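Below is one structure, written out as structure tokens; comments come after it.
Just so it is clear, none of the values below were taken in a lab; they were calculated from the coordinates. This is a predicted model, so every value here is computed, not measured. Cβ coordinates were reconstructed from backbone atoms using ideal geometry, including for glycine residues, and neighbour counts include every protein chain displayed.
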Number of protein chains: 2
Amino acid sequence: MVPYGFESLGNVFLMKSPPTLEDVAKESGFSTATVSRVINNPSSVRRKTREKVEKAVAKLGYTPHFGGRALASNRTNTIGAVIPTMENAIFARGLQALQEELAEAGVTLLVATSGYDPEREAKQIRALLGRGVDGLVLIGEERGEDVYAMLESRGLPFVLVWSWREDCPWRCVGFDNRAAARAIAERVLDYGHTRVAMIAGVTRGNDRARLRVEGVRDALAARGLTLSDDTLAEAPYTCDAGAAAARRLLAGPIRPSAIICGNDVLATGALAALREAGLSAPGDVSVTGFDDIELARQVDPPLTTVHIPHWRMGQAAARLLLRLRDGEDAESIVFQPKVVERRSLAAI
Amino acid sequence: MVPYGFESLGNVFLMKSPPTLEDVAKESGFSTATVSRVINNPSSVRRKTREKVEKAVAKLGYTPHFGGRALASNRTNTIGAVIPTMENAIFARGLQALQEELAEAGVTLLVATSGYDPEREAKQIRALLGRGVDGLVLIGEERGEDVYAMLESRGLPFVLVWSWREDCPWRCVGFDNRAAARAIAERVLDYGHTRVAMIAGVTRGNDRARLRVEGVRDALAARGLTLSDDTLAEAPYTCDAGAAAARRLLAGPIRPSAIICGNDVLATGALAALREAGLSAPGDVSVTGFDDIELARQVDPPLTTVHIPHWRMGQAAARLLLRLRDGEDAESIVFQPKVVERRSLAAI
DNA sequence: TTTCATTATGCAAGCGCTTACAAATTGAAT
DNA sequence: ATTCAATTTGTAAGCGCTTGCATAATGAAA
């Protein structure tokens, strides 16, 4: 513990470099090994010893040095997550749940964003690996084989969230996006709509977005309907893009009586476009969302949407990953989203 | 580079432990020192050497071990941020900006949340210190002296975001919450309101929330008005809490004609409560928000609120912190929020 | 008391990397 | 060819921590 200082305006500030294990050892009169034990495995140390060491730790304000620890134990107690974006609320809740659940186990969460860009995602994953994360949470299933190969070759545990399908070779915690989209589309059809359009998220590199389109197609096909270039728009997940897409759809050859949106943010944008065009929802055009984020209940009219249990998904992902990390095996987990009816969908 | 393996279904998967600097050194025929140099300071190495080393790096797929690096250099290229919550959108945008700006400089952002709890914040700060962050971004100014003492004694650079005041002893990137709140309150008064109430965020440990109350008080006082127990409610930053607070205010002895809210989320809740009570906004009661998150434009009626340049604030915080980290000095930065009028505020 | 299994502690060797400092190489000037 | 300064590379000492193994302390049984 070398004190060093620098001069500033005639004063010398002494800055102690942070205390080390060795400082604690000296202070408590035990060896570094013992101190290390009381920190990592307290029960392996006699109570009296432990108490003395703990007092020394408190006195010096000791905090283990992360790097040293990682180096010696080859473990970081860190797991990483790469999500598309923090900018809209879609992932916020699940992420918070993930984090809280991990924190409970003494694990820190490292979050990186990809902006829905597969290349950037791969880069972020590599960065996280470089930081020695003990596990990884990724959104969705669609990504390069090379990425999966890299993870496997390292034996790095990971879980995919938000997607789920039978026979998925990876561990996932999610739901059947296609079935969920089919469900809400069927609901729309049940209300008698026949001119239905869809605003989907960008499908490149995004299996959730793609599967939701397919789900809608499934439902329509069952009634002899289809999605054409005039009735299917693709837009990044922002209100503005949703509004723009809606305007385009509205300007098409036949005005849709219902617009199914790939998520709540897009639906919110669609609502805005409707309002701006002097149309009422659901009077003139019905709109549905997907995700059931808080926004869905706050817009006017409140969105009929698909409820996703964000919080529970985040929690479940944490637990699953923790088990994998500890070498236990664990099954994928599938959730069953439900359509929640509010006021943005009505009979034709 | 010891290969080890395990058996699974009769196959043996060989997992190489990740390559180390030494592996690269052997492969390229140079010493570890030289390899380290091409990674950290390429210009200090002859071009031919560099190229050979780079080839070896690529061939082995080498990534530096974070822990080893942190241990040896006492630097992590990581900065930490402790924000109150990820659950609502208030901090999302700024955080994203912060992250992108830091990434540009090769720095990783570590995010922790405190749930608006000062004790938890202190704990998270310690955790981040333990991970050897090179700097810290904190929200607001109000926290224990001991926390500041700890940061100072370590010489750890940090910046406070969202708050700013003349003579603040710390580096900050924010705005004058009190003045901003005063500004919007004045706007409300200018519309002729005299029965004005306020829903504030929880003020304990939250200088922003407290200062906003004071700002409103300032404006009211200038017209001989005050905030009483009947006209000031405090609520956590959620829609539901905002709605509950609004209901309480509405049930008070005199019904307010305007409710000034501590942020947009509370205002959204207030709007919901109004609707539910059969009251119209702004017809019966005007409502104002604060922050100007995306939600503000999407609710009905869209919120008159105070626009905060989240993105620029995040960016500025990143730049400031980076400078501090590099030992340069840098001034605090103050933004000038503007009231943005939409439709939730109208004449009495 | 002595003995011997148990349990508690200490010793010391790394983990992968950076960085003074020393040694070697280069190449321009003689 | 030499010489010498400038440049490039290598040597080796840690950074703070964990952990296998050896040693010491403990306490129950004899």
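Brief remarks follow.
- Kirkwood Rh (inverse of mean 1/r, distinct Cα pairs), region A:143-264, angstrom: 15.7 Å
- Dipole moment magnitude, nearest 20 debye, the protein assembly as shown about Cα centre, only Lys, Arg, Asp, Glu C-beta charged: 1180 debye
- Among the residues of A:57-70, the average count of other protein chain beta-carbon atoms within 10 Å of the residue beta-carbon is 5.
- Which of A:GLU119, B:GLU51 has the fewest Cβ neighbours within 10 Å, and the rest in rising order: A:GLU119, B:GLU51
- Summary for B:ARG75: label point 7 Å along Cα→Cβ; distances to the equivalent points in the other copies, ascending, 3.1 nm.
- Reference-scaled alpha-carbon Rg (2.2 N^0.38 Å with N residues) for the protein assembly as shown: 1.05
- When DSSP beta bridges are restricted to pairs lying wholly in region A:223-348, around 40% turn out antiparallel.
- Selection from A:VAL45, A:ALA209, A:PRO64 lying farthest towards where the dipole of chain A points positive, charges on Cβ: A:VAL45
- Take every DSSP beta bridge whose two residues both sit in chain B; close to 20 percent of them are antiparallel.
- When the convex hull of its Cα atoms is viewed from all sides, region B:68-190 shows a mean projected area of 9.2 nm².
- Residue-wise HN-Hα coupling along region B:258-263, computed from phi with Karplus coefficients 6.51, -1.76, 1.60 (Hz; x: Gly, Pro): 8, 10, 8, 10, x, 7
- Every helix of 4 or more DSSP H residues in chain A counts as -39500 (n - 2.57), and over all residues that averages to -13000 deg cm²/dmol at 222 nm.
- Each principal axis of the Cα cloud of region A:203-300 was evaluated for its coordinate range; sorted largest first, these ranges are 31, 30, 20 Å.
- Entries in A:LYS123/B:LYS48; A:LYS26/B:LYS123; B:LYS123/B:LYS338; A:LYS123/B:LYS55 that, when Cα-Cα distance is taken, lie over 29 Å: B:LYS123/B:LYS338
- At q = 0.12, 0.21, 0.22, 0.25 Å⁻¹, base-10 log of I(q)/I(0) for region A:245-332 (Debye sum, equal scatterers on each alpha carbon): -0.48, -0.90, -0.96, -1.15
- GNM top mover of A:PHE335, A:PHE66, A:PHE158 - chain A, alpha-carbon springs below 10 Å: A:PHE66
- Euclidean distance between Cα centres, region B:196-225 to region B:272-338, Å: 16 Å
- Of the residues B:PHE335, B:PRO301, B:ALA318, the one whose Cα sits farthest towards the positive end of the charge dipole of region B:290-347 is B:PRO301 (charges of +1 on Lys and Arg Cβ, -1 on Asp and Glu Cβ, taken about the Cα centre).
- Note on the protein assembly as shown: antiparallel DSSP beta bridges, both residues inside, total approximately 25 percent of the bridges counted.
- Among A:THR268, A:THR85, A:THR20, the largest mean-square fluctuation in a Gaussian network model of chain A (Cα springs under 10 Å) belongs to A:THR20.
- Computed over chain B, the quotient of the alpha carbon radius of gyration and 2.2 N^0.38 Å is 1.29.
- Region A:128-172, Cα convex hull volume normalised per residue, Å³: 73 Å³
- Taking the label point 7 Å along Cα→Cβ, B:GLU145 and its counterparts in the other copies are spaced 6.5 nm apart, in ascending order.
- Within the straight-line cut-off of under 20 Å between alpha carbons, the aspartates and glutamates reachable from A:LYS59 are A:GLU22, A:ASP23, A:GLU27, A:GLU51, B:GLU119, B:GLU145, B:ASP146, B:GLU152, sequence neighbours fewer than 8 places apart in one chain being disregarded.
- Percent breakdown of C-alpha pair distances by 5 Å bin, ordered from the shortest bin, for region B:181-244: 4, 18, 28, 25, 17, 7, 1
- In nanometres and ascending order, the distances from the B:ARG47 label point to those of the other copies are 7.2 (point 7 Å from Cα along Cα→Cβ).
- Dividing the Cα radius of gyration of region B:158-218 by 2.2 N^0.38 Å, with N the residue count, gives 1.24.
- Nearest-to-axis residue of chain A, judged by beta-carbon position, where the axis maps A onto B, in Å: A:ASP300, 2
- GNM result for chain A, Cα springs below 10 Å: residue of A:ASN263, A:ASN77, A:ASN41 fluctuating most strongly: A:ASN41
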